[in-house]
Amino acid sequence: MKRTAAFALLPLTALMLSGCTLFPSAADHDKAAADTLKNSFQARGIAKLDRLTQDQANAECATADATGKPLDEKMSKVIEEANMKTVKWPTDGKFLGDWKEGEKIAQSGRGLTWTDTATTENGGNCYNCHQISKEEISFGTLGPSLYNYGKLRGVTDPNSAGGKAIVEYTWGKLWNARAYNACSQMPRVGAPARPGVARQQVTTPPRWPQATGVSC
Ligand code: HEC
């Protein structure tokens, strides 16, 4: 009788033992997703597969997003401080450039794709997420409207001492948005993580009397 019971239990024991293979862990799911991504893309032209590699900020923010558990304050600080270190401030102290050039860069989505070359001038693609000028009616709304940005930020003259803090913040924000907001969805336009940034031109929204022009 006892023996029969033991035999009867065998399939159940086997099932329990193999439980880990029947039910993949979260790590297994992560690996499967990463493999699927890797296998779905192929390197072409200047667009290589290293773009799929997440840095610490991307990984931490993606996890926070997936779990619905916001980053804790300590981790946010670590990410922001690390990103702040990548910001290059103008060596000549000039933050403002030609706003018309800024508008062109804000409009352009060119650069870094497989149909671009290593010397293609990168655009900022700013209108994808921001309203900037009143004339351009095709814009995304993921980011806040930057129409009248200076006024909204209380700056009437970006050359004045009173406007200095916001002008500097704007430069840094464009260079690396995560320096101020760990999980910002804004591309890190000047960050070294992005290939081709050595030629990147960054501008502030053209509603400034002049726009910030960075050439590095
Ligand atoms: C993929 C979307 C996206 C793109 C592209 C983008 N941004 Fe942003 N931007 C955001 C989001 C979202 C915020 C608000 C969250 C934050 O501050 O990180 C933001 C914030 C900003 C701010 C700060 C506004 C404030 O009042 O503090 C500025 C300035 C800005 N963006 C300028 C630009 C410029 C200039 C470009 C192009 C070079 C650009 N953005 C491209 C999404 C984007």
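Coordinate-derived values only; no laboratory data. From a predicted model like this one, the values you see are computed outputs, not experimental measurements. Here Cβ is always computed from backbone atoms with ideal geometry, including for glycine, and neighbour counts include all displayed protein chains.
Express in nm, to one decimal, how much length is gained between Arg51 and Ser25 on full extension, taking 0.36 nm for each residue of separation and deducting their alpha carbon distance. Write out the running numbers ahead of the final one.
Working: separation 26, 0.36 × 26 = 9.36 nm, distance 2.58 nm.
The Arg51-Ser25 span can extend by a further 6.8 nm.
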Exercise for review: Describe numerically, in nm with one decimal, the distance between label points set 7 Å from Cα along Cα→Cβ at Glu168 and at Asn181.
Suggested key: 2.1
Point to revise | Derived scalar couplings ³J(HN,Hα) [region 157-167; Karplus, 6.51 cos²θ - 1.76 cosθ + 1.60; whole Hz; x for Gly, Pro] | key: 10, x, 8, 7, 4, x, x, 4, 4, 6, 4
Review point. Taking the Cβ of Gly162 as the center, what net charge do the other residues with Cβ under 15 Å away carry, scoring Lys and Arg +1 and Asp and Glu -1?
Key: +1
Point to revise | Listed pairs Lys38/Lys74; Lys69/Lys173; Lys48/Lys69; Lys38/Lys69 exceeding 29 Å between Cα atoms | key: Lys38/Lys74; Lys48/Lys69
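So for region 113-173, averaging the separation of alpha carbon pairs under 8 Å that are six or more residues apart and normalising by length, what relative contact order in percent results? Please list the in-between numbers first.
On the way: 46 pairs, mean separation 11.4, N = 61.
Once divided by the residue count of region 113-173, the mean separation gives 19 percent.
Give me the extension gain from Ala34 to Ser160: residue separation times 0.36 nm, minus the current Cα-Cα distance, reported in nm with one decimal.
Value of the extension gain: 40.4 nm.
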